[in-house]
2 protein chains.
Amino acid sequence: MTNLIAIGIVPNLLATAPEAEPSVVLCGVLLSLVVIYLASKIGGEFSNWLGFPPVLGELVAGVIVGYSALHLLVFPEGGASSSDSLLIKFLEATAGLDPEAAQATFLAQSEVLSVLSELGVIILLFEVGLESNLKELLEAGIQATIVACVGVVVPFAAGTFGLMTIFGIGAVPAIFAGAALTATSIGITSKVLSELGRLSSKEGQIIVGAAVIDDVLGIIVLAVVASLAKTGEVDVSNVIYLIISSTVFLVGSILLGKFFNKSFVAISDQLKTRGELVIPALIFAFILAYIGAAIHLEAILGAFAAGLVFDESDKRKELESQVIPISDFIVPIFFVSVGAKTNLGVLNPAVPANREGLTMAVFLIVVAIVGKVVTGAVVWGQANINRLAIGVGMIPRGEVGLVFAAVGATSGALSEPLQAAIIMMVILTTFLAPPLLRVVFKDDPVDAAKSETAV
Amino acid sequence: MTNLIAIGIVPNLLATAPEAEPSVVLCGVLLSLVVIYLASKIGGEFSNWLGFPPVLGELVAGVIVGYSALHLLVFPEGGASSSDSLLIKFLEATAGLDPEAAQATFLAQSEVLSVLSELGVIILLFEVGLESNLKELLEAGIQATIVACVGVVVPFAAGTFGLMTIFGIGAVPAIFAGAALTATSIGITSKVLSELGRLSSKEGQIIVGAAVIDDVLGIIVLAVVASLAKTGEVDVSNVIYLIISSTVFLVGSILLGKFFNKSFVAISDQLKTRGELVIPALIFAFILAYIGAAIHLEAILGAFAAGLVFDESDKRKELESQVIPISDFIVPIFFVSVGAKTNLGVLNPAVPANREGLTMAVFLIVVAIVGKVVTGAVVWGQANINRLAIGVGMIPRGEVGLVFAAVGATSGALSEPLQAAIIMMVILTTFLAPPLLRVVFKDDPVDAAKSETAV
């Protein structure tokens, strides 16, 4: 039956709906990649020039080329069709795309870009795992762990409870939004600290340690929440299953990985052909990502675990230098697509119906900042420590927050206003943290000598 | 109208054909990539261990995991459906794939892999362009040019004429097969010469020069032939248009590129964020690839031209070191897919209907070898030159020959037996050249001192 129905990638039962021509789909993907790379570079450079993290600029540039403004990069999620895409019009004008096949081409191209974007976030989390330090994570000790836990529990509880009681949001979307509030961007935080010469300070060490633990907690929370979003219910036994399975999966893959780690180095040393290091590593990462996805957790959890495993390998430096170009090639597709899919129109204050989304955004931003700043208060037994700086250092949500927003958007659990409010929260916390950190560290002496070697 | 019909990537007019779930499509792509990487590494290493080029092993491993043997990686081209794919069965067993959605998932996954494979060959030709030397290409001079031209004209004419007269093949498929006979693999040839310590010998220089020119000629021939295959006719004015447009395009992009080259280095120096070198280079390559495809040439022609341009850049070494991991990541998808799509069953001599394909394969292999070996005869004014070695050095068709076979398969111009015969010819010439080169160079003294620095 299915054989008869679907012998092409798009419907060809009716003569009026021609198939997408492969060479035109390729043209569409090539043009989309050009738009994505231009947006990511221009946005990233401009953001960097302004003193903000590049990833923020990539996201904003994605918003500009996407559904909210230029309509160069639009996706069928949210109801856009080929007639909304300027890129499809350009293909009709220049690459001989038959207007009859426009929708089919649009859908095929979007499918390919969506998978590329998902592969992008898998590679990103593999790289984050590779850059995280398992030992540092354990050595950062009890203080960092407590800071991380408070920084997860307080914003999560306040955000979820507030959305449910003040805004009357359902349990699943409220938990999703609360989960997005828990993330801390290790990339952004550690980069800013290094730029300020504070990475090796007491405050810096606690922030980085807590951010690393937060990354792991955040991924477990994400796995739990994404799975909840799929079933649409808060099922306590399922929550317990997920917490146990994600912990077992993460700890299990790291333990198994430690064993595999030595074989990996041995295997890689035996290989004589190109890609002898990166291909075995990717095989391992993709297998773990597949298992993560297949047992109803998340593919990124597996990729992160694989990265953490190789972090301990003798070949880590070499592997990292080969993963970075792959990451540069594929990760921008993820960030720009997330921005492009965002409909900022729902935050336009001129439209009365939008005011709920805006109020939610303001609420989320306040919870996001206060919920992390309080974490500084739990640090004990340290004389002259800058508690405010620790709290502020935990503020930026960065790429992890975006992953939550993107997973939420894909799962369909979030309403449009709530999704836009979460993205506003991620953008603003990421925006605010670098200048705020500069301010709160202003009166302390700098430990410049050590900072040069960092990150 | 089209909006109504195609709101999913697969037909959803009928309730019995459910859509492919994005997370399951991702699982399918991840598993396919694991199969591709395992096949490419095991095949490549084994081939290398036997003294053959790794790319040959990747191709053969693709044949093994593909339609001809294990059925792990099958594509809808040639009539395969989801029930032929062991991987889809595995997804049903492990990732909760609904059997009703199997065909939709199979098609979505194949679409993504096909585009990834096409991006793979674009990146490959970009890298080949980057590794080719424009100056060397011009300095190799008149001798290499004549060797290259003879090595294109003789096999092309003999192959096309023979197929049309002896086997009664139509003009378009015969021209396609003839064109596949013209290629010379610069990668394989230069690698083997370097391993034999012959790269800087007189013979070596002529072979490499001719192989470089052959690469360019081959791509022009490919563009001409692929376009002919699309229209299905041999239209002389179209041939002239294509020869002129591909020459103008290639020469034009190189001249424009020389201008852009300086701005490129200047722009890249200004950029402060990650990917400052590789992303602008890929933007340029993808734009040229898009133009190449849009003016009815080939995307790979643009990618090759972009590579040649950057070959002259001050940043070439740095760029190359960043392109190599991307290439390792994506190019195996192309080679393994080409192998996987090949139906070697049509060459089974036990089936009487197959004997035509087998006879054609034998004919093509003879033409492929003789047509290149004669090129040594046209070298003049060189005392004691090993003419046989020059001819033998031009034999391997390698990746360029595979590109012809893959483009032919996609265009639908080639019959199954002819396509399998072409792939057999590519495999055998690639197989034979390394041991043959070793034999013909046996009695000459080695210039080992210089060879170490090469390739």
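The condition (being within 28 Å of B:SER227 (Cβ to Cβ) and modelled with pLDDT of 80 or more) is satisfied by just one residue among B:ALA350, B:ALA266, B:ALA281: B:ALA281. For the range A:372-385, the criterion of being within 28 Å of A:LEU297 (Cα to Cα) and hydrophobic (A, V, I, L, M, F, W, C) is met by no residue.
Taking A:PHE75, is it open to solvent by less than 20 Å² (accessible area, probe 1.4 Å) and within 19 Å of the chain's Cα centre (by Cα)?
For A:PHE75, the condition - open to solvent by less than 20 Å² (accessible area, probe 1.4 Å) and within 19 Å of the chain's Cα centre (by Cα) - is met.
Are any of the residues in the range A:370-386 open to solvent by less than 50 Å² (accessible area, probe 1.4 Å) and under 25 Å from A:VAL172 (Cβ atoms)? Checked against the condition, which is being open to solvent by less than 50 Å² (accessible area, probe 1.4 Å) and under 25 Å from A:VAL172 (Cβ atoms), the range A:370-386 yields at least one hit. Among residues of the range A:338-353 that are free of Cβ contacts under 8 Å to residues at least 40 places away in the same chain, those with a beta-carbon under 7 Å from a residue that is charged (D, E, K, R) and surrounded by fewer than 21 Cβ atoms within 10 Å (Cβ to Cβ) at least six positions away or on a different chain give the pairs A:PRO349/A:ARG355. Restricting attention to the range A:291-326, the residues that are at the interface with chain B (Cβ under 8 Å from one of its Cβ atoms) and under 18 Å from the mean Cα position of the chain (by Cα) add up to 5.
If you check B:ILE279, B:ILE330 for being within 9 Å of chain A (Cβ to nearest Cβ), touching a residue at least 24 places away in the same chain (Cβ under 8 Å), assigned to a helix (DSSP H, G or I) and open to solvent by less than 10 Å² (accessible area, probe 1.4 Å), only one passes: B:ILE330.
The number of residues in the range B:58-96 that are touching a Cys at 6+ places or on another chain (Cβ under 8 Å) and under 15 Å from B:ALA420 (Cβ atoms) comes to 0.
Let me confirm something: among B:SER337, B:SER321, which residue is among the polar types (S, T, N, Q), farther than 12 Å from B:LEU130 by Cα and in a helix (DSSP H, G or I)?
Numbers: B:SER321 fails: farther than 12 Å from B:LEU130 by Cα.
Exactly one residue qualifies, and that residue is B:SER337.
I'm checking my understanding of the structure. Among residues of the range A:340-364 that are small (Gly, Ala, Ser) and either in the same structural domain as A:LYS41 (by TED's automatic domain parsing) or in a helix (DSSP H, G or I) (or both), which one is nearest to the chain's Cα centre (by Cα)? Let's see the steps before the verdict.
Looking only at the range A:340-364, we keep the residues that are small (Gly, Ala, Ser), and these are A:340, A:345, A:350, A:353, A:357, A:361.
Right, trim to either in the same structural domain as A:LYS41 (by TED's automatic domain parsing) or in a helix (DSSP H, G or I) (or both) and you get A:340, A:345, A:353, A:357, A:361.
Numbers: A:ALA340: 14, A:GLY345: 22, A:ALA353: 29, A:GLY357: 22, A:ALA361: 19 Å.
Across the range A:340-364, the extreme among qualifying residues is A:ALA340.
Of the helices (runs of 4 or more DSSP H) contained entirely in the range A:21-98, those carrying at least 1 residues that are under 22 Å from A:LEU347 (Cβ atoms) and either in contact (Cβ under 8 Å) with a residue 12 or more places away in the chain or more than 10 Å from chain B (Cβ to nearest Cβ) (or both) fall at A:22-49, A:54-65. Counting only helices (runs of 4 or more DSSP H) that sit completely within the range A:365-455, those holding 1 or more residues that are at pLDDT 80 or above and more than 17 Å from the chain's Cα centre (by Cα) correspond to A:387-393, A:416-440. Within the range B:282-318, the set of residues being in a helix (DSSP H, G or I) and surrounded by fewer than 22 Cβ atoms within 10 Å (Cβ to Cβ) comprises B:ILE283, B:ILE287, B:ILE291, B:ARG316, B:LYS317, B:GLU318. Taking the criterion of being within 14 Å of chain A (Cβ to nearest Cβ) and buried (at least 16 other Cβ atoms within 10 Å of the Cβ), the residues of the range B:244-276 that qualify are B:PHE264, B:SER268, B:LEU271, B:THR273, B:ARG274, B:GLY275, B:GLU276.
The set of residues in the range A:335-350 that are open to solvent by less than 60 Å² (accessible area, probe 1.4 Å) and hydrophobic (A, V, I, L, M, F, W, C) comprises A:PHE335, A:VAL336, A:VAL338, A:ALA340, A:LEU344, A:VAL346, A:LEU347.
Residues of the range A:11-19 include none that is modelled with pLDDT under 75, over 27 Å from B:GLU298 (Cα atoms), touching a Phe, Trp or Tyr at 6+ places or on another chain (Cβ under 9 Å) and outside any helix (DSSP H, G or I).
The values are calculated or read from the model by the stated rules, or taken from the named source; none is laboratory data. Here the structure is a predicted model, which is why all the values come from computation and not from measurement. As a convention, Cβ positions derive from the backbone with ideal geometry for all residues, glycine included, and neighbour counts pool all protein chains shown. Surface areas here come from the heavy atoms of the whole protein model, side chains and all, with no ligands, DNA or RNA. Shrake-Rupley method; radii C 1.70, N 1.55, O 1.52, S 1.80 Å.
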